[in-house]
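Below is one structure; the comments refer to it alone.
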Amino acid sequence: MISRTHLTTRNQSHLQWIPLWAVLALIAASPSAPAQLSLTTVVELAQQNSTTVKLANADVLKAQAALAQTEDAYIPNLVIGSQVGYSHGFPTGQPSVGSVSMQSLVFSYSQRQYIKAARAGVDAANLSLKDAKEQVALDASSAYIELDTVTRELEASRQQQQDADRLVAIEQQRVDAGVDARSNLLQAQLTAAQLKLKRLHLETRSATLATQLAAFTGLPADSIKPVHSSIPEIPAVSADETPRPLLGVQSAAVLANSRLLQAKGDDLAWRRPSVGFGAVYNYDSNELNSYSTYYRNFTPNNVSFGLQISIPFFDFAIHAKAKVSAADALRAKVEAEQAQHQNDIQIADLTSSLRELDAQAEIASLKQQIAAEQLKTVETQLELGNGAGSGPGAPPQLSPTAEQQAQIDERADYVDALDAGLDLSKARLQLLRALGHMQDWLNELHTK
């Protein structure tokens, strides 16, 4: 059977990534330190490597094939065959040595609806593909930003660990000299142990995020090192901004329309007539049968062609199929409405959370600034004294442990500020996507 094929393949964009893969291959082959990968590179690799995107792309190809199938019904097919065989007595079949047949659909009310439904299916699949790419970009960006934050927190945690070790050493000397009580030493050791546990937790968190990014990009987990400067600022959006139709919601709505058109086509199939075209050529032979005995006007070359008009009257199977399609269309419509409602609820929840997260980030930032100023004050007093003298009622001079504790406290507030900023950034990204503005941020990402 010869049929027209007009599937459009949209996967040729992988050719433009050949230089990128060449660079990454060199990075993977090098035994040096982990390579610095920008957020743009991670997002691009994640979108290429994602199974979700690959499945969505397969759905696009399937939808394109379905469209080709419905449109090709109007193009005559061509079938070549043979029915050579021996017969004795009255011939029971046509002695065809070779045959060529053609048939096609000429006119059908339902087929027009099927083509519209298939085109809507292609549009829905393309929207779903774009939505899958946006979701992968969101997941990869969130993991990358979190890994960058954890990397900076780890650096601060190591500084805290060094300060805690010095604090323990100083307290040990003061206890040995009889200046401080042993409880002070135990408290310093407890602080050091707690900071060690927190550092181990951050290292585990960093390894988990690296593994997650490795799954996204297909790169080894120990080869990913974030670049903080590659992360663009996430705008402070709110629900007051004009939302755009979310790609996933658009896809659901277009798919519902496709189901509706399919249902209309099935309904017309048992209500309206259809016209088909057919043509057959046979080359017949009388060598292996007795056709000439019963058919005096036997000729080897025979041609027939014509139109076939079908008018349905009592086709209950097609009628039942129309009811099934109508139910599917109704379900798809409800699912599209549900997707829109869920997105509206998510926008409301994220907007409420953002107000709290923004306040928490502001508080954490102010605490870190206060701790930094207090650290400067402690360092100044240790260097110059408190300026109150040594008379009765004067505050005591600060001990050397005060500086280490102030440094530990300042780093702790710094980590808290990073955590609060991370939560705020992730919530803003989610709201960007819910409002349909994710692509704007991705466009800015590609300019860095």
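The values are calculated or read from the model by the stated rules, or taken from the named source; none is laboratory data. Computed from a predicted model, the values in this text were never measured in an experiment. For neighbour counting, all protein chains shown are included, and Cβ atoms are generated from backbone atoms with ideal geometry for every residue, glycine included.
Here is a yes/no grid of residues against (1) out of contact with any strand residue (DSSP E or B) (no Cβ under 6 Å at 6 or more places or on another chain); (2) closer than 11 Å to residue 94 by Cα:
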{"residue": "284", "(1), (2)": "no, yes"}
{"residue": "289", "(1), (2)": "yes, yes"}
{"residue": "296", "(1), (2)": "yes, no"}
{"residue": "304", "(1), (2)": "no, no"}
{"residue": "311", "(1), (2)": "yes, no"}
{"residue": "316", "(1), (2)": "yes, no"}
{"residue": "320", "(1), (2)": "yes, no"}
{"residue": "323", "(1), (2)": "yes, no"}
{"residue": "326", "(1), (2)": "yes, no"}
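A search for C-beta distances below 6 Å between a residue of region 164-175 that is closer than 20 Å to residue 409 by Cβ and any residue that is of a type in the set (S, T, N, Q) and at pLDDT 90 or above, counting only pairs 6+ apart in sequence or on different chains, returns 164/191; 168/189. Annotation: of all residues in region 350-367 being exposed (fewer than 14 other Cβ atoms within 10 Å of the Cβ) and of a type outside the set (Lys, Arg), the one that is farthest from residue 417 (Cα to Cα) is 352. Taking the criterion of being touching a helix residue (DSSP H, G or I) at 6+ places or on another chain (Cβ under 8 Å) and of a type outside the set (A, V, I, L, M, F, W, C), the residues of region 57-79 that qualify are 57, 59, 62, 64, 69, 70, 71, 74. With a requirement of 1 or more residues that are at pLDDT 95 or above and surrounded by fewer than 16 Cβ atoms within 10 Å (Cβ to Cβ), the helices (runs of 4 or more DSSP H) lying completely within region 1-77 that satisfy it span 51-71.
Condition check: under 23 Å from residue 161 (Cα atoms), modelled with pLDDT under 90 and not in a helix (DSSP H, G or I). Does residue 375 satisfy that? So residue 375 does not fit the description; no.
Of the residues making up region 276-285, at least one is in contact (Cβ under 8 Å) with a residue 24 or more places away in the chain, in contact with a helix residue (DSSP H, G or I) (Cβ under 9 Å, 6 or more places away or on another chain) and not aromatic (Phe, Trp, Tyr).
Of the candidates 109, 114, the single residue that is over 26 Å from residue 418 (Cα atoms), surrounded by 18 or more Cβ atoms within 10 Å (Cβ to Cβ) and hydroxyl-bearing (Ser, Thr, Tyr) is 114. Being part of a loop (DSSP other than H, G, I, E, B) and either touching a Leu at 6+ places or on another chain (Cβ under 8 Å) or at pLDDT 90 or above (or both) is a property that does not hold for residue 287. Count of region 213-250 residues, restricted to those that are basic (Lys, Arg) and assigned to a loop (DSSP other than H, G, I, E, B), is 1.
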